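These notes are about the structure you will find just below.
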Amino acid sequence: MTALNRETDHQHWMNYAISLAKKGLYTTHPNPRVGCVLIRDNQIVGEGYHRKAGEAHAEINAIASAKGRTKGCTAYVTLEPCSHHGKTGPCSQALIDAQISTVVYGMQDPNPTVMGRGLKQLEDAGINVIGPILSDEAEALNPGFIKRMTEGLPFIRLKLAMSLDGRTAMASGESKWITGPEARLDVQRLRAQSDAIVTGVGSVIIDDPSMTVRINNHDKTVEPHTVRQPRRVVMDSSLATPPEAKILSGDGNRCVFYLPEQTSDEAKKSLEHLGVELLAGETAVDGKIDLVAAMATLADQEINEVLVETGAVLAGAFLQAGLVDEIVVYMAAKLLGSNARALFELPLETMEQAVQLHLSAMDKVGDDIKLVFTPDYIDEAD
Ligand SMILES: [Zn+2]
């Protein structure tokens, strides 16, 4: 076997570190997903990933698994090693103490106040630092953590289910079971990797969804014991959510955004009584809850990734507010007819106003098609 060249080596082992980081997909919140592998002579000496906030970082786990054989190794780590004294001590110092000779990183720490400090500490200690390597892939591990650190907002994914004719619900609002069981299971995975699920009071009243993660032992891609319940969030200006709504049931983390001037004291009391957190929102120009401010509040609460599962009106409002980072559409081979409701409530008049989307992925999921889009807000200024 011929030796790989240096560039390919770096990409190969960084890919391996990325695959380790992915093991924390459902569990690291609010921390980033990070993987680390220690290599000597193109052989794995140790490996690790960050599993859970409060537990050891990826580098510490990799060093521990090497059982004292770390001297002279190259460490591949998907994110710049931390230099601050957190719950588990700085990883840069641990790499120095382990006598690692080279550190190859995927991306710098996105937090502007610490960016580059971990790398500098390594270089100051005489360690060879190389990177960024596979930065796009490394960044894709943590879209929410990066956006929260750089913009003070969570990464917002909008999930929609529609028929082939672009309809999401009957005129009555009835919308259950448009897609098949495989697509619905895929949605459970999207929920499991999210820190919060956001919906509107209209959907709560019509569909009464629980919005909990239900992963069973048949799903081999997710270990059920790793699943945590995301925060369930309702946008409800006047607190019209019925206290018996399923989304408010259980002990989970539930909150409702409302507008104080539109809400009675009784409505507040009836929800507070259930242990639901009530968050006073800001009023937007249209008299509704200011979605940008609400999402910034969630980011302040260390929410990295938000999944919006709602009806056409709130979905359209998120899109018009420029908040949507990704749209996931499940399309069923079904026709709901021309009286059914459209995907978005977007009162556009001319082709010029059309919202441009980029298709980034397309997969068959059971009998349905999964489409992933990125909205293009860039042209708005033109
Ligand atoms: Zn660390």
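The values are calculated or read from the model by the stated rules, or taken from the named source; none is laboratory data. For clarity, every value in this text was computed on a predicted model and none was experimentally measured. Glycine gets a Cβ as well: all are built from the backbone with ideal geometry, and neighbour counts include every protein chain shown. Areas reflect the complete protein model, heavy atoms only, side chains present, ligands, DNA and RNA absent. Shrake-Rupley method; radii C 1.70, N 1.55, O 1.52, S 1.80 Å.
Of all the residues that make up segment 69-94, how many are at positive phi and modelled with pLDDT of 95 or more? Final tally of qualifying residues: 1. Among residues that are more than 18 Å from Glu59 (Cα to Cα) and surrounded by 16 or more Cβ atoms within 10 Å (Cβ to Cβ), Gly144 is included.
Every residue, every condition in (1) within 16 Å of the ligand (Cβ to nearest atom); (2) open to solvent by less than 20 Å² (accessible area, probe 1.4 Å), yes or no:
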{"site": "Ala75", "(1), (2)": "yes, yes"}
{"site": "Leu79", "(1), (2)": "yes, yes"}
{"site": "His84", "(1), (2)": "yes, no"}
{"site": "Pro112", "(1), (2)": "no, no"}
{"site": "Ala125", "(1), (2)": "yes, no"}
{"site": "Leu134", "(1), (2)": "no, no"}
{"site": "Leu153", "(1), (2)": "no, no"}
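If you go through segment 174-204 and keep only what is open to solvent by less than 30 Å² (accessible area, probe 1.4 Å), under 17 Å from Lys334 (Cβ atoms) and not in a helix (DSSP H, G or I), you end up with Ile178, Thr179, Gly180. Just one residue in the set Leu307, Leu348, Leu335 is outside any helix (DSSP H, G or I) and open to solvent by less than 50 Å² (accessible area, probe 1.4 Å); that residue is Leu307. Apart from one condition, Thr212 fits all of (1) surrounded by 22 or more Cβ atoms within 10 Å (Cβ to Cβ); (2) within 27 Å of Ala293 (Cβ to Cβ); the exception is (1). Among the conditions (1) under 18 Å from Asn304 (Cβ atoms); (2) in contact with a His (Cβ under 7 Å, 6 or more places away or on another chain); (3) at pLDDT 95 or above, Ile133 misses just one, which is (1).
Say we look at segment 50-67 and pick out the residues that are of a type in the set (Gly, Ala, Ser) and over 12 Å from Ala21 (Cβ atoms); which of these is nearest to the ligand (Cβ to nearest atom)? Steps first, please.
Taking segment 50-67 first, the residues of a type in the set (Gly, Ala, Ser) are 53-54, 56, 58, 62, 64-66.
Going one step further and asking which of them are over 12 Å from Ala21 (Cβ atoms), we end up with 53-54, 56, 64-66.
On the way: Ala53: 12, Gly54: 12, Ala56: 8, Ala64: 13, Ser65: 16, Ala66: 16 Å.
Ranking the candidates gives Ala56 first.
Each residue in segment 136-151 was checked for being within 16 Å of the ligand (Cβ to nearest atom) and in contact with a strand residue (DSSP E or B) (Cβ under 7 Å, 6 or more places away or on another chain), and 2 of them qualify. The condition of being within 19 Å of Arg232 (Cβ to Cβ), open to solvent by 30 Å² or more (accessible area, probe 1.4 Å) and not acidic (Asp, Glu) holds for only one of His358, His273, that being His273. Every listed requirement among (1) more than 10 Å from the ligand (Cβ to nearest atom); (2) open to solvent by less than 50 Å² (accessible area, probe 1.4 Å); (3) of a type outside the set (Phe, Trp, Tyr); (4) closer than 30 Å to Glu326 by Cα is met by Ile96 save one, (4). Within segment 37-88, being under 21 Å from the mean Cα position of the chain (by Cα) and in a strand (DSSP E or B) holds for Tyr49, Val77, Thr78, Leu79. Here Gly316 meets the list (1) out of contact with any strand residue (DSSP E or B) (no Cβ under 7 Å at 6 or more places or on another chain); (2) assigned to a loop (DSSP other than H, G, I, E, B) almost entirely, failing just condition (2).
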